[in-house]
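First up is the structure itself, then whatever we jot down about it.
The values are calculated or read from the model by the stated rules, or taken from the named source; none is laboratory data. On a predicted model such as this, the values are computed, not experimentally measured, just so you know. Positions of Cβ are generated from backbone atoms using ideal geometry, with glycine treated the same way; all protein chains shown enter the neighbour counts.
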Amino acid sequence: MPTFDVFLARTYKVRIQALDAFTAERLAEEFVGDVQDISTERERAAEAFQIQSIETTDNNAFDALELGS
């Protein structure tokens, strides 16, 4: 059976409480990992934020390369 590297593009909607829009974007980029909040209590307290939800809104494979069997 052949093996493939499949490349995916995913889009997430992240609902986050933060001080401002710039900070919210930065924190979402830093602390969202594979559809889960990877921040710690200490990081949330230090940065004054709370991720409320993460939802995958788009999931598309755009390429597949066959590596062999």
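Of everything in the range 12-69 that's among the acidic types (D, E) and out of contact with any strand residue (DSSP E or B) (no Cβ under 6 Å at 6 or more places or on another chain), which residue is modelled with the lowest pLDDT?
D34
With the requirement that a residue be under 30 Å from E66 (Cβ atoms) and of a type outside the set (S, T, Y), what does the range 6-46 give you?
Going residue by residue through the range 6-46, those that are under 30 Å from E66 (Cβ atoms) are 6-12, 33-35.
Matches in the range 6-46: V6, F7, L8, A9, R10, G33, D34, V35.
Tell me, yes or no, whether the range 17-38 has at least one residue that is in contact (Cβ under 8 Å) with a residue 24 or more places away in the chain, surrounded by 11 or more Cβ atoms within 10 Å (Cβ to Cβ) and part of a strand (DSSP E or B).
Checked the range 17-38: at least one residue is in contact (Cβ under 8 Å) with a residue 24 or more places away in the chain, surrounded by 11 or more Cβ atoms within 10 Å (Cβ to Cβ) and part of a strand (DSSP E or B).
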